[in-house]
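Below is one structure, written out as structure tokens; the observations come after it.
The values are calculated or read from the model by the stated rules, or taken from the named source; none is laboratory data. For clarity, every value in this text was computed on a predicted model and none was experimentally measured. Note that each Cβ is placed from the backbone with ideal geometry, even for glycine, and that neighbours are counted across all protein chains shown. When the accessible area is computed, the model is the full protein with side chains, heavy atoms only, and any ligands, DNA or RNA have been set aside. Shrake-Rupley method; radii C 1.70, N 1.55, O 1.52, S 1.80 Å.
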There are 2 protein chains.
Amino acid sequence: MIFSKKFEPSWTENQPPKGSYRSIFKWGAPERFKHPNARLYNMLKEVFGMTDNDFVKKVKEGNEQVCLPSDKKSLRVLTEEDLKSFISILGKENVETDDFSRVKFSSGKTVEEALELRDGCPVDVSDAVLHPRTKEDVQKVITYCSEHKIPVYVFGGGSSVNLGLRPSRGGITLVMSTHMKRLIELNEENQTATVEAGMMGPDFEKLLNKAPEKLSARRRYTCGHFPQSFEYSSVGGWVAALGSGQSSTYYGDACDLVISQEYVTPAGTFKTVDYPATATGPNINWIMMGSEGCFGVLTSVTMKIFRHMPENRKRFGYIFPDWDKAVSATREISQGEFGLPSVLRISDAEETDVALKLYGVEGTVLDKMMELKGFEKGRRCLCIGHTEGEKGLSSHVKRKLSKIARANGGMTLTGYPTSKWEHGRFNDPYMREDLNDYDIIIDTLETSVKWDNLHHVHKSVREFIKKRPATVCMTHCSHFYPQGTNLYFIFIGRFSSMQEYKNFQTGIIERINASGGSLSHHHGVGKMIGPWMESHLGKEQIDILKALKRHFDPENIMNPGGQMSIT
Amino acid sequence: MIFSKKFEPSWTENQPPKGSYRSIFKWGAPERFKHPNARLYNMLKEVFGMTDNDFVKKVKEGNEQVCLPSDKKSLRVLTEEDLKSFISILGKENVETDDFSRVKFSSGKTVEEALELRDGCPVDVSDAVLHPRTKEDVQKVITYCSEHKIPVYVFGGGSSVNLGLRPSRGGITLVMSTHMKRLIELNEENQTATVEAGMMGPDFEKLLNKAPEKLSARRRYTCGHFPQSFEYSSVGGWVAALGSGQSSTYYGDACDLVISQEYVTPAGTFKTVDYPATATGPNINWIMMGSEGCFGVLTSVTMKIFRHMPENRKRFGYIFPDWDKAVSATREISQGEFGLPSVLRISDAEETDVALKLYGVEGTVLDKMMELKGFEKGRRCLCIGHTEGEKGLSSHVKRKLSKIARANGGMTLTGYPTSKWEHGRFNDPYMREDLNDYDIIIDTLETSVKWDNLHHVHKSVREFIKKRPATVCMTHCSHFYPQGTNLYFIFIGRFSSMQEYKNFQTGIIERINASGGSLSHHHGVGKMIGPWMESHLGKEQIDILKALKRHFDPENIMNPGGQMSIT
């Protein structure tokens, strides 16, 4: 590896122009950036056979103002009459038909969408963007759309990475996060919070953390759900797409946190019962979770909350000699019944290499120690995490898992890499624009696996990805259960065309499916995964989902066009 | 209270005659009994104003041979042709049409059924009892029944207490526990066991406990699910009716233990995916659980299993000054995030009084201590339980919960009452026959509540029950969650007629529903609770269940006649 210390690419540091395509596809806050550090930059050059010269001129940056071509500009489904009706329901200020709004709220955060927007070519746009203020607004809109057979797409935080938001049949997009982001109730006795579906992660967490100051509560709380998209995802989105947070090993996945949901569907409005458990037949809460806007609009949710005790957090970091040992250790941790850590992550050898660069471990004394102790680059695997909960439990879990790590050949790296990871835990997606600026694609796909199939899925998918020349494939497990874990694949490559990239992506999904992984651990289905759902679940089970779809939405107006293959 | 030490009723100690009604309604093993002890007997006399004389002559004991009256004897739905077809599918030995089998497998364990059987008047019986040997048998039977519109009822262990098994439209009853009780796979790496649905609780647990000897496994395991009906319930029944075990606070309810299920339905056969978590749309596993045979026949399940570490169990027992304090302590235990106990139970004042008699604490040195320390009879509330899991966790949980108990005014009773409870934990139902023999009815209804509604539901239901003269009402909470718990009401009374009793039962269910409790925490729905489902969930949500029912079972042959109000 050649260190070229003199040159650093001029990573974009300017906020994207207001009204531009880039302001839509850029991740996160307009003014925030995270660039590849020098070590990572050098790695990219090496892997892709690029030189500093290749990092001088950026590809199309998407700084142009959004301006729809005439074939997309015209209304696809709506009539002027419909628009008037929506205005009469919601007020003029809550019905947008300008090009920018139409594109912005029709887009999620997939690579495809980002690249299409760079090119000024969004594939599908809604005819109008509606910002409901209340559940009653949503009811009126859904009633109107049912009567007039107008497709309805729902936008929460906009962080979907599977074309979940794509309005492939035009119609309207309902934006939940504009107005419908209020706290409805904090219930300290039950340890629950009821919020409108559009409340964004950080607002929710801040309310809970500062409950004594903001809500005169007796205690501070936490929501326990911190996906990488935390800052730009909504509580409703977590539930509708079956998300999972980085602390799920302790707090549970989104589905484990839901006590009750309220939906507006073409077949009526209802709120599910909010008991901690109930044996009154198939639980409607369970039937609705993960329906991704295909059954109706999630308007509010009651979530479990937890006591906020960050002072009890204990960080740990280990390096294992190899992937097998890292997996064995985390399996034992997951099955040992001594309590579970909150964050737990293991990286395979290729990701470990990159992670040590990213977390600033490469070149430090820790790095030296690893080498001295024989933890070989290209084989060694990083494990980071922290424990939470009551003080004694948190300490106990750390003590026990340390023992297991050592028994599996692990060496402590102290809590340092975890601190570094925590610092940037929500920021890695910012690097995508930098890479895209120089024609490098970074993307992810993920799956869940049982322990006895983990190695097979990992090998099989990696084999497919690595068969392609000059392609990085980093894998980690970050959500642990006694019965298995997830595999999260991050791949980086250069592609000659969108079609070449799509073919590659298709190949990975097919490998996941064929090797026996789930089609998604926590990204959801969307229109990207939809086409594989029937082969994954089988006809009998897809037919169950279709029966529900027909019940809720006989006119097929809710998120039509591919989601869950229900058309 | 007058202690009459001389007289003891001649509680039935004989096995019921083979072929008799009593052999059907008697709880549990024919040769096992548990009788009210002297203290309980005296209490009964006192409460009901009875004397020893009232315990000399038993009411109708149901010792007669089962012999159906002619109007029930004749086939209601099946033709001779149908019977021939079933015999050709299953073999002659697996198709029974004798009176005894028809009555036995048409009966669950409700009070109504027990009393009807005592009188020799079963309300509904199937035309034939079928014992499928394999999934393929079940498929053939369901295909045949679909074609010929023959109602199908499913019998697992037969412990339903809500008329769940009642074949109210005749047809056939499929008995799963005769042949379909095999282990399919023990997977130690994933910590799962796949079994046919008819495997009974003790067989399952024994296989897991003795896995090294019986299956050459590396470890011993436990299923973690121990309902009071454990010995006479099937694994499939736990899942189909959303059961909960006495250790659920630690291990979870049945629904939390299910990884995958296989169903034979009129709409096809399928096995749900068996990932520890998946985000592929509404989870079919969740849709099927709790369907109580209304969608199809559950043929096998993959369950989470746990390491068997009984040596780490730590027992505890506390007496609290009153119900408020007992509830506050258990809420803090449930929300404290220091780990959860396995068994946790609190009894209200009336149940505490009875429990201290039953567990043999009354009259001991512990009893004296309670009195000395001012724990007043009629106010004091008992708390028992034990912790499990890895040794250090188990100790930590006990230490922390002890602190909380003391902070809430609790005094330790040592693990003694828990040991006594453990000893008889599955045996209390045996006492029902003794009480029924002397015309006393004992029955239960249960609900789940959020913490902030616990006291209201408890008061409201108790008020209704206690309004009736000479009626015992004992209540406990035995399944804890951070968001709430359950309330389990046990009532004892004398009734002039079945109708009077039914009216009383109806009144309790209506009080539970009106006061905001769930219609069931873990007994399921059955034909007893079915009529209240729509008022409980609302029309929109019942319509969802009906849509699923129509999909799976368009001819309405699966458990028709009231379950979930789907008719």
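Between identical copies, the spacing of A:Ala217 label points, each set 7 Å from Cα toward the C-beta atom, reads 4.1 nm from nearest to farthest. Each peptide in A:235-241, A:284-290, A:543-549 gets a packing score, the mean of other Cβ atoms within 10 Å over its residues, and the list from highest to lowest is A:235-241, A:284-290, A:543-549.
Compared with the dominant principal axis of the Cα atoms in chain A, helix A:323-335 is inclined by about 60°. Taking the C-alpha atoms only, the angle from helix B:498-515 to the longest principal axis of chain B is near 70 degrees. Give the range of the longest stretch in chain A that excludes all GluC sites (Glu not before Pro) found in loop regions by DSSP and having at most 12 other beta-carbon atoms within 10 Å. Looking at chain A, A:32-375 is the longest stretch - no exposed GluC sites (Glu not before Pro) with at most 12 other Cβ atoms within 10 Å.
In sequence order, region A:175-181 has phi-based couplings of 9, 7, 8, 6, 10, 7, 9 Hz under the Karplus curve 6.51 cos²θ - 1.76 cosθ + 1.60, θ = phi - 60°, and Gly or Pro positions carry x. Closest approach of any chain A Cβ to the axis that rotates A onto B belongs to A:Trp286, 2, distance given in whole Å. Each Cα pair under 8 Å and six or more residues apart adds its sequence gap; the mean of these over the residue count of region B:190-343 is a relative contact order of 29 percent. Beta bridges assigned by DSSP with both partners in the protein assembly as shown are antiparallel in approximately 90 percent of cases. Across peptide B:283-292, what mean number of C-beta atoms from other chains lies inside 10 Å of a residue's C-beta? Mean shielding by partner chains, rounded to a whole number: 5.
For A:Glu534, the shell of other residues with beta-carbons less than 15 Å away shows a net charge of +1, using +1 for Lys and Arg and -1 for Asp and Glu. Relative contact order of chain A, taken over Cα pairs closer than 8 Å and 6 or more residues apart, is 15 percent. Of all beta bridges that DSSP places with both ends in region B:96-249, some 45 percent have antiparallel geometry. Rounded to the nearest whole Hz, the Karplus-based 3J(HN,Hα) values (6.51 cos²θ - 1.76 cosθ + 1.60, θ = phi - 60°) of region A:539-546 follow the sequence 4, 4, 7, 4, 4, 5, 5, 5, with x at glycine and proline. Per residue, the average separation of C-alpha pairs within less than 8 Å and at least 6 apart gives region B:235-325 a relative contact order of 33 percent. Need one word for the protein assembly as shown: rounded, prolate or oblate. Basis is the Cα gyration tensor (sqrt eigenvalues a ≥ b ≥ c); a/c below 1.5 gives rounded, then a/b vs b/c decides. Verdict is prolate for the protein assembly as shown.
Measuring between alpha carbons in the structure, the pairs from B:Lys377/B:Lys420; A:Lys314/B:Lys403; A:Lys549/B:Lys502; A:Lys18/A:Lys72; A:Lys450/B:Lys271; B:Lys60/B:Lys377 lying more than 28 angstrom apart are A:Lys549/B:Lys502; B:Lys60/B:Lys377. Shielding of peptide B:510-520 by partners, expressed as the average count of other chain Cβ atoms within 10 Å per residue Cβ, is 2. The angle separating the long axis of helix A:349-358 from the principal Cα axis of greatest extent in chain A is about 80 degrees.
With the full set of protein chains in place, find how many percent of the accessible area of region A:1-79 is carbon and sulfur; take the probe as 1.4 Å. Carbon and sulfur atoms account for 53 percent of the accessible area of region A:1-79.
Label point of A:Lys539 (7 Å along Cα→beta-carbon): distances to the other copies' equivalent points are 3.6 nm, sorted ascending. Take B:Asp428, move 7 Å from Cα toward the beta carbon, and the resulting point lies 5.1 nm from the same point in each other copy, nearest first. Rounded if a/c is under 1.5, else prolate if a/b is larger than b/c, else oblate: which is region A:437-567, with a ≥ b ≥ c the root eigenvalues of its Cα gyration tensor? It comes out oblate by the Cα gyration axes. Once the 1.4 Å probe is applied to the protein heavy atoms, the protein assembly as shown comes out at 35 Å² accessible per residue. Electrostatic tally near A:His458: other residues with Cβ closer than 13 Å to its Cβ, Lys and Arg +1, Asp and Glu -1, net -3. Mean partner shielding of peptide B:459-467, defined as the number of other chain Cβ atoms within 10 Å of each residue Cβ, is 0. Between region B:394-411 and region B:425-447, the C-alpha centres lie 33 angstrom from each other.
Indicate the gyration tensor shape class of region A:478-551 (rounded, prolate or oblate), computed on the Cα atoms with a ≥ b ≥ c the square roots of the eigenvalues: a/c under 1.5 is rounded; otherwise a/b larger than b/c is prolate and the rest oblate. The shape class here is oblate.
So, in Å, what gap is there between the alpha-carbon centers of region B:157-212 and region A:8-29? Using only Cα atoms to place each centre, the spacing works out to 59 Å. Using the Cβ of A:Asn190 as centre and a radius below 12 Å, the other residues enclosed give a net charge of -2, where K and R count +1 and D and E count -1. Measuring between their Cα centroids, region A:237-272 and region B:450-529 lie 30 Å from each other.
Report, ordered by chain and residue number, the aspartates and glutamates lying within cross-link reach of B:Lys135, taken as a straight Cα distance under 17 Å and ignoring same-chain residues fewer than 8 apart. Counting by Cα, and skipping residues close in sequence, B:Lys135 has these aspartates and glutamates nearby: A:Glu540, B:Glu185, B:Glu196, B:Glu262.
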